[in-house]
Amino acid sequence: MPKLDFSALNKQAANSFHQQRNLIKQVCRGDKVLCPDCQQLLTLMPSDNKVINIKCAKGCTAIELELD
Ligand SMILES: [Zn+2]
């Protein structure tokens, strides 16, 4: 059984966190960003002013970010 490498796992989580932050920044800026899964355009959904919602047409990417 292979040894579990948690450092790699943590690094991966950190990477995706940064990717998500980047993606939010780009979408909020008005850039065209595609969903990494279905390659559909990600759109900023209107919601109340304390939450940012970013979704693709199929819903495989659904990012919700609470604003301070
Ligand atoms: Zn998608």
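What follows draws every value from the coordinates through simple rules; no lab data is involved. Predicted model, so just to flag it, every value in this text is computed and none were measured. Methodologically, a virtual Cβ is constructed for each residue, glycine included, from the backbone with ideal geometry; neighbour enumeration extends over all protein chains shown.
Among residues other than Asn22 whose Cβ falls under 11 Å from its Cβ, what is the net charge (Lys/Arg +1, Asp/Glu -1)?
Here the charged neighbours net out to +2.
Need one number: nm distance between label points at Leu34 and Phe17, each 7 Å from Cα along Cα→Cβ, rounded to one decimal.
For Leu34 paired with Phe17, the spin-label model returns 2.9 nm.
Which angle from 0 to 90°, rounded to the nearest 10, does the C-alpha axis of helix 6-29 make with the longest principal axis of the chain?
For helix 6-29, the angle is close to 10 degrees.
Evaluate the relative contact order of the chain (contact order divided by residue number), counting alpha-carbon pairs under 8 angstrom at least 6 apart; express in whole percent.
Once divided by the residue count of the chain, the mean separation gives 19 percent.
Ranked highest first by average number of other Cβ atoms within 10 Å, how do 59-65, 4-10 line up?
59-65, 4-10
Residue by residue, what Karplus-based ³J(HN,Hα) values in Hz, rounded to whole numbers, does segment 33-46 have, using 6.51, -1.76 and 1.60 with θ = phi - 60° and x for Gly and Pro?
Each residue's phi maps through the Karplus curve to give 10, 9, 4, x, 8, 10, 6, 8, 5, 7, 10, 7, 8, x Hz.
List, in the order given, every pair from Lys3/Lys32; Lys3/Lys58; Lys3/Lys55; Lys11/Lys32 whose Cα-Cα distance in the structure shown is over 30 Å.
Long pairs (Cα-Cα over 30 Å): Lys3/Lys32; Lys3/Lys58; Lys3/Lys55.
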